[in-house]
Amino acid sequence: MRWTVHGERTLYDTPWVRLRSLDVEQPDGARTDYHVVRLRDLAVAAAVDEEQRVLMMWRHRFVTDTWAWELPMGLVEDGESPGVAAARELEEETGWRPEAVSELIHAQPAAGITDSRHFVFRADGVRRIGEPTEHNESDRLEWIPLTDVPGMIARREIVSSATLVGLMALLLDLKA
């Protein structure tokens, strides 16, 4: 059931989004043009304190015109490891610096259409170092008790797939 890629051509290219047309052969032998969105990797930070609360950002996403709670996240820069990117994004977006980050989970949010990988890290030993340097990220920050997260998901107060995957992994990890 393996698909074979015979070639790839650029349809659209920016530093953030690359749209490609792939010449693919399906398992039944049929060849077709298949469009793929190539995106840079995403690093996500789930900062947890000693009271079992997670640091979250209340933010507006203009593309979907929705407000929801999210974990701090951002693109992995060229030459940067996902763990370093997660710590950097946490600090830039919240003003909190982690003592340590450890990989919590890796996800591919839409592997049939994009090659984006999401790396979620648990951040421990965080300390406030100042105000966020990214001023366009969120309206407010709050430490949310992990026990509140399932209800927030049910009420659609948390809808970002990267945040959902990270929080669910965090909840499962805490139960282990």
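If one computes the Cα centroid of segment 152-175 and of segment 1-57, what distance in Å separates the two points? Measuring centre to centre over Cα atoms gives 22 Å.
Solvent exposure of the chain, expressed per residue, is 58 Å² of accessible area, with all protein chains present and a 1.4 angstrom probe.
Shape of segment 1-141 from the C-alpha gyration tensor: prolate (a/c of 1.5 or more and a/b above b/c, with a ≥ b ≥ c the square roots of its eigenvalues). Note on the chain: with a GNM built from Cα contacts shorter than 10 Å, the maximum mean-square fluctuation among I105, I144, I129 falls on I129. Taking 10 °C and 1.306 mPa s as the conditions, I'd like the Stokes-Einstein D for segment 70-141 in µm²/s, using the Kirkwood hydrodynamic radius from alpha carbon pairs. Here the translational diffusion coefficient equals 122 µm²/s. The portion of the accessible surface of segment 81-151 made up by carbon and sulfur, rounded to a whole percent, is 49 (1.4 Å probe; DNA, RNA and ligands excluded).
Using 0.36 nm per residue, how much length does the chain from L11 to N136 gain when fully extended, once their Cα-Cα distance is taken away?
My answer for the length gained is 42.0 nm.
When shorter helices are ignored and each DSSP H run of at least 4 residues is given -39500 (n - 2.57), the per-residue value for the chain at 222 nm works out to -6000 deg cm²/dmol. Computed over protein heavy atoms with a 1.4 Å probe, the carbon and sulfur contribution to the accessible area of segment 1-56 reaches 50%. When Rg and the Kirkwood Rh are both derived from Cα coordinates, the Rg/Rh ratio for segment 91-176 amounts to 0.97. The label-point distance for A110 and A154, in a model that sets each label 7 Å from Cα toward Cβ, rounds to 2.9 nm.
The values are calculated or read from the model by the stated rules, or taken from the named source; none is laboratory data. Every value quoted in this text rests on a predicted model; they were computed, and no experiment measured them. Note that we place each Cβ from the backbone using ideal geometry, even for glycine, and neighbour counts take in every protein chain shown. Accessible surface areas use protein heavy atoms only, side chains included; no ligands, DNA or RNA. Shrake-Rupley method; radii C 1.70, N 1.55, O 1.52, S 1.80 Å.
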